[in-house]
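First the structure, in the form of structure tokens, and then the observations on it.
Read-outs throughout are calculated quantities, based only on the coordinates presented, and are distinct from any laboratory measurement. From a predicted model like this one, the values you see are computed outputs, not experimental measurements. Glycine also receives a Cβ, built like all others from the backbone with ideal geometry; neighbour counts cover every protein chain displayed.
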């Protein structure tokens, strides 16, 4: 079974133009095999960036996808007030991914950062052999986006993979 986890960041055109980075993690038959990312700065515009994520999904042809959900947290500086006048591109991207998966008949699970951040800290990922010292994956440097996708994938494989149909 091929499972993919996505840590989406929808930003492309704003004062942070091109700063969106979406982390991707892949597993086959319960083994984490690869991490990658899509950077908005590699694409001409928002829709091309999002299409790049759809192409990554399509190329992997997963049986199930885990998507990090989006919530406004008052206690973390992400309150409605700080997001006022925002176009909320990440929630838009999540909706676009959900529609793409629906059209492809690929089941998905939404997980929130609060479910996985502390349970699968970098230290725990290293202790369990998912990462190497220095946050390396199979000898290659990772970043926060790749590691967040990995957290969602490992959490799903550990606790919920039996739910995938």
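Pairwise Cα separations in the range 92-165 fall into 10 Å bins from 0 onward with the following percentages, short to long: 18, 42, 31, 9.
Placing dummy labels 7 Å off each Cα toward the beta-carbon, the span from residue 144 to residue 61 is 3.6 nm. By the beta-carbon count within 10 Å of each Cβ, the least crowded to most crowded order of 99, 4, 89, fewest first, is 99, 89, 4. With the simple model of a label 7 Å out from the Cα in the direction of the Cβ, residue 126 to residue 42 spans 2.7 nm. Stretched out straight at 0.36 nm per residue, the stretch from residue 106 to residue 136 would grow longer than its current Cα-Cα span by 7.8 nm.
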